[in-house]
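Here the structure comes first, spelled out in structure tokens, and everything after it is commentary.
The values are calculated or read from the model by the stated rules, or taken from the named source; none is laboratory data. Being a predicted model, the structure only gives us computed values, none of them experimental. Counting neighbours? That spans all protein chains shown, and the Cβs are built from the backbone with ideal geometry, glycine included. Remember, those area values only see protein heavy atoms, side chains included, never the ligands or the DNA or RNA. Shrake-Rupley method; radii C 1.70, N 1.55, O 1.52, S 1.80 Å.
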Amino acid sequence: MVNLIEAQKPLLTGMMRLAGLRPIDVELEPGTTMHFWAPKHHAGKKGTTISPLDPSAANGTAKKPSSSSSSRRRRRRNSPESKPNVVLIHGFAAEGNVTFQFNFGVLVSRYNVYIPDLLFFGKYSTTDSTDRSPDFQARCVAAALARLGVARCDVVGFSYGGMVAFKLAETRPELVRSLAVSGSVVAMTDAVNRETMARLGSGSSAELLMPETLQGLKALFSVSMYRKMWFPDRMYKDYLKAMFTNRKERLELLQGLLDSNMDAKIPTFQQKIMLIWGEEDKLFDIELARKMKEQLGEKCYLQGIPKAGHLLHLERPCAYNRQLGRFLAHVNSQEEQEEAN
């Protein structure tokens, strides 16, 4: 019997190709490969697999654009590579293209869009390493972007991907220009995890985020969405089979998330940060977002979206895209003004 979720993927793949994105597997080292959807000029030049390059690329020191504002403007007019870069990092329940299926289309005309599948998500992102921390995921994203020649980018993170994005911004400030995050925290401390699970009545994050039964998946969707959505049971069963692969490794990722953040403190970020939040988010509620904004300081902004839950980018994509677009436009206009001066 045809899996209804898998059957939709060719259509989504076609939509991404029409938007000018191509699938690329970036080999970071023997045993570690990260799958990306990237602008088609990469596939045109290098094929569908990029192997380890020269030492400068491997260390994340991709060649940076010239500081000359006039030369930057010329490249901006003449070359697709010159558009600003935006990286979309997915959450725990689905791979990149599924997570951002309603969002990438409004970005591709103005930005070079990169959508990675984090390790053990999708079919092709794998590693032989035993490191399951968000820091390792962030290092792999940074190394893959270096292979693709990305020296500066704006990063968008959702849920688990938001934690990876925060880690990427913390450890690679020269790479990450700005952050837009929804439904996430800087670090999933034990205290935050206990409070969240108690509030939701769940025994553990693994029980909630890695359901094995139809009832478990329905419970996950129930707490993730503001609107009550009805789907036939077969759709839920097919989703379980299609999306919750690599169960052993993903459970280890959840444990690594907690282990790596036991003594976590809020770092000082150099970047502008936009928190785009569903006002009815039950996983990480809006009060948590307000506290996080205060902790992150004056460079952090918070924009709530009413009648939206944790999956706000899927529930209210137009509202989410509008807020994200405004933030990215603001960041880019500021840089252009600085270059002009």
Share of alpha-carbon pairs per 10 Å distance bin for the chain, given as whole %: 5, 26, 37, 24, 7, 1, 0
Can you tell me the length gained on complete extension of the stretch E338 to E279, counting 0.36 nm per residue apart and subtracting the Cα distance? 17.8 nm
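Answer rounded, prolate or oblate for region 192-242, using the Cα gyration tensor with square roots of eigenvalues a ≥ b ≥ c: rounded when a/c is under 1.5, else prolate when a/b is larger than b/c, else oblate.
On the way: a/c = 3.03, a/b = 1.62, b/c = 1.86.
Cα axes put region 192-242 in the oblate bin.
For region 169-327, take N as its residue count and report Rg(C-alpha) divided by 2.2 N^0.38 Å.
My calculation over the Cα atoms of region 169-327 gives 1.10.
Using a ≥ b ≥ c from the Cα gyration tensor of region 103-158 (square roots of the eigenvalues), is it rounded, prolate or oblate, where a/c under 1.5 gives rounded and otherwise the larger of a/b and b/c decides, a/b for prolate?
Verdict is prolate for region 103-158.
Taking a 23 Å limit on the Cα-Cα distance, which of the listed pairs K123/K237; K248/K282; K167/K241 fall beyond it? Walk me through the numbers on the way to the answer.
Values: K123/K237 19 Å; K248/K282 26 Å; K167/K241 30 Å.
The pairs that break the limit, which is 23 Å between Cα atoms, are K248/K282; K167/K241.
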Can you pull the one-decimal nm distance between simple spin-label points at T13 and K293, each 7 Å off the Cα toward Cβ? 4.2
Which of A138, A187, A319 ends up with the largest GNM mean-square fluctuation for the chain, with Cα atoms connected below 10 Å? A319
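Relative contact order (percent) for the chain, with alpha-carbon contacts under 8 angstrom and 6 or more residues of separation?
The normalised contact order for the chain reaches 17 percent.
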Cleavage-rule hits (chymotrypsin sites (Phe, Trp or Tyr not before Pro)) in region 201-235: DSSP loop, at most 13 neighbouring Cβ within 10 angstrom: W230
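Using helices alone, what [θ] at 222 nm do you get for the chain, with -39,500 (n - 2.57) per DSSP H run of 4 or more residues, divided over all residues and rounded to the nearest 500?
Values: 15 runs with 156 residues, N = 341.
Theoretical 222 nm ellipticity from helices: -13500 deg cm²/dmol.
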Measuring with a 1.4 Å probe in the full set of protein chains, what accessible area per residue, in whole Å², belongs to the chain? 47
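Could you check what % of the DSSP bridge pairs in the chain are antiparallel, to the nearest 5?
Working: 12 of 37 bridges.
Expressed as a percentage, antiparallel bridges in the chain total about 30.
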Most mobile of D25, D117, D233 per a Gaussian network model of the chain (Cα springs, under 10 Å)? D233
GNM flexibility winner over the chain from G162, G256, G183 (Cα, springs under 10 Å): G256
Report in % the part of the accessible area of the chain that belongs to carbon and sulfur, leaving out ligands and nucleic acids; probe 1.4 Å. 53
